[in-house]
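The values are calculated or read from the model by the stated rules, or taken from the named source; none is laboratory data. Given the structure is predicted, the values throughout are model-derived calculations rather than measurements. Every residue, glycine among them, receives a Cβ derived from its backbone with ideal geometry; neighbour counts consider all protein chains shown.
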Amino acid sequence: MDFVRLTDEQIKHDPEQQLKNFRRRKDYLVAIDTDGCITDNMSGKQMLIFHPQYMEFYQLWGIESYFREVAEYYNLFSVQRGCNRFLAVQYTLDALHERKDARDAARKNNVELPEQEPLNRYIQYCEKNKLGLGNPSLSKYLATMPKDLYLYKLLGWSESVNRMFPYIKIPPFENVEKCLRIVAEKADIMVVSQTPYEDLVNFWQENNLLGYVQIIAGQEMGKKGHHIETVKKACGYAESDILMLGDADGDLKAVKQNNGLFYPVAPGHENEAWKKFPGFFEKFINNTYAGETERALLEQFSRVLLKTPPWQEDGYEHVRAYRAKQEIRKKLYETLNPSGRLLVL
């Protein structure tokens, strides 16, 4: 079955239809994340697009080092890595409001921290109405709160982020296409992500990978666990025949919520993971991956992502913590946006 791209109207009115109506072709289902898993674009998208755009919309440049440190922690280096963009903003704002040093820096530099409550209400609205966190649901919510300037700014930020994505070109990891070719012989492949649908389709198409995929599920279709659950119910895959590839704790939780199996593409070890994947996939289809093999990989994976923010650790010093990731930021800006605004300490 060839991949069929959803129209804007379909995304707006019934984004889950492809999940509910999908019919299996193979014995297995392999779900794959994209950002940070297929391509090393997590740091680029966050450091070059998400964070500077948010600081611009909310005039937070006066606390750039604090904002970047917190936003990078939740989006890149913690167990929350890969979460929905609006949840990441919620985590970031909560931390900035809680940190005395960040509040003091904001006062000193005449920066007003964004309100938390409008975003919290939007997230609660989506949970109550079983909507995915994304621009379509934010637009619906905004229609119920048409005088809330914060929501206009939030939607404006999210839309500007989407518009900038196509200009940050980062290719897939080595061996990705080889692995997809192997998987496609035995399994149906679905993309599960918290990136907007259009950006996902464009990336897979531009990198000539779309031919391996049957379904693409983005943030408009709900959470990753829901993506897998819907297809699992529609097609009747056995739990032991479902495998998820991902780089974040949220990916692990999504597949375990459905009692499937997980193969980690650990941050910093992505090329090694893709190089070794064919052997592990062979174990998966031979029913020898579950158990000790998966447990060993998960134990290694659990040591990669942080569970406690650095600013809550003894001996923390902000400037030192900001400088710890400074070379990553500088390299990205020098390579992809040399005229971009970046604080170097």
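See the values below:
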{"read-out": "Exclusive hit being assigned by TED's automatic domain parsing to the domain that holds Ala217 and touching a Lys or Arg at 6+ places or on another chain (Cβ under 7 Å), set Asp14, Asp35", "value": "Asp35"}
{"read-out": "Residue match in the range 305-324 (condition: closer than 17 Å to Cys179 by Cβ and not hydroxyl-bearing (Ser, Thr, Tyr))", "value": "no"}
{"read-out": "Selection count where residues are without any contact (Cβ under 8 Å) to a residue 40 or more places away in the chain and surrounded by fewer than 16 Cβ atoms within 10 Å (Cβ to Cβ), scope the range 111-120", "value": "4"}
{"read-out": "Wholly within the range 1-84, helices (runs of 4 or more DSSP H) carrying at least 1 residues that are farther than 16 Å from Asp199 by Cβ and in contact with a Gly (Cβ under 8 Å, 6 or more places away or on another chain)", "value": "51-58"}
{"read-out": "Per-region count, the range 23-59, residues over 21 Å from the mean Cα position of the chain (by Cα) and crowded, with 22+ Cβ neighbours inside 10 Å", "value": "0"}
{"read-out": "Extreme residue, modelled with the highest pLDDT, among residues of the range 169-203 that are over 14 Å from Phe277 (Cα atoms) and among the small types (Gly, Ala, Ser)", "value": "Ala187"}
{"read-out": "Residue within the range 195-217 that is of a type in the set (A, V, I, L, M), under 19 Å from Lys256 (Cβ atoms) and assigned by TED's automatic domain parsing to the domain that holds Cys179 present", "value": "yes"}
{"read-out": "Val79 being assigned by TED's automatic domain parsing to the domain that holds Ala184 and either at pLDDT 90 or above or within 15 Å of the chain's Cα centre (by Cα) (or both)", "value": "no"}
{"read-out": "Matching residues, the range 266-299, being modelled with pLDDT under 95 and not aliphatic (A, V, I, L, M)", "value": "Pro267, Gly268, His269, Glu270, Asn271"}
{"read-out": "Condition check for Asn271: within 24 Å of the chain's Cα centre (by Cα), more than 17 Å from Ser78 (Cβ to Cβ), loosely packed, with under 15 Cβ neighbours inside 10 Å and assigned by TED's automatic domain parsing to the domain that holds Asp249", "value": "yes"}
{"read-out": "Asp199 of a type in the set (Asp, Glu), surrounded by 24 or more Cβ atoms within 10 Å (Cβ to Cβ) and within 29 Å of Glu159 (Cα to Cα)", "value": "no"}
{"read-out": "Filter result (assigned to a helix (DSSP H, G or I) and in contact with a Leu (Cβ under 6 Å, 6 or more places away or on another chain)) within the range 98-113", "value": "Ala102, Ala106"}
{"read-out": "Every pair of residues 6+ apart whose Cβ atoms lie under 9 Å, when the first sits in the range 50-69 and is without any contact (Cβ under 8 Å) to a residue 12 or more places away in the chain while the second is of a type outside the set (S, T, N, Q) and in a helix (DSSP H, G or I)", "value": "Glu56/Trp157"}
